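Heads up, the thing below is written out as structure tokens.
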Amino acid sequence: MNIGSRYQCVRLFFLTVLVAVLTFGGFGGSQLNASAQASTCESGVNITGVYQCTSECIIKENGRFSYRPPEGGETDTVRDFAWIGSKDLYVVDIEASGFHETEIGPLVDSKLWTATSEVSDGKFPVLEEYVFNCNNSPYFVDGFTKVVRNPSQENFKSCIVKCTR
């Protein structure tokens with residue numbers, strides 16, 4: 001056996017041992033699981049309320065992509081349709097300086113999937129995904145991260161909006 005093949009065998013051995021230790025040794029796994037569990041909301045958690053938000057976007061304007069840095073001033077109010085018998089359908093009213101938007105959508109697990117039903121600037125369609133955070137308690141929502149997508153060619157954009165209660 002030459003030196004090159006010995007080196008390959010030793011390297012393969014140590015790589016196998018490293019993978020086994022990381023996989024079965026539990027190093028870091030408890031921290032990852034703890035953080036994943038901390039952000040999971042329990043079924044039936046109340047997401048209704050008023051949230052203060054900041055957003056940043058990538059927008060296509062005049063055939064070129066441009067970046068809009070983080071800015072605040074958006075208020076999102078989440079209401080449910082419980083009064084008509086549904087506990088999984090929601091309305092979100094969004095207010096910002098000179099802008100109003102109303103969205104509707106279902107809550108599935110810890111995510112609210114909405115489509116825009118009304119926008120004051122008339123830029124349709126807008127699809128949004130809200131991922132709720134339950135960091136302090138599995139029964140209390142302390143905020144959410146929202147991904148905004150407008151797939152229309154003339155109003156093409158994608159944004160991330162971070163909101164706290």
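Projecting the Cα atoms of Ala115, Asn136, Pro70 onto the charge dipole of the stretch 49-164, computed from C-beta unit charges around the Cα centre, puts Pro70 farthest toward the positive end. A straight chain from Glu42 to Ser117 at 0.36 nm per residue would run longer than the Cα-Cα distance by 24.2 nm.
With a cut-off of 17 Å, note down the residues of the stretch 126-165 whose backbone N falls inside the zone around a label point 7 Å from the Cα of Thr54 toward its beta carbon. Answer for this model: 143-147, 159-165.
Non-local lysine pairs in the stretch 49-164, meaning eight or more places apart or on different chains, with alpha-carbon distances under 20 Å, amount to 10.
Only the coordinates and a few stated rules stand behind these numbers; no lab work does. Note that this is a predicted model, so its numbers are computed, not measured. Reconstructed Cβ throughout: ideal geometry from the backbone, glycine too, with neighbour counts over all protein chains shown.
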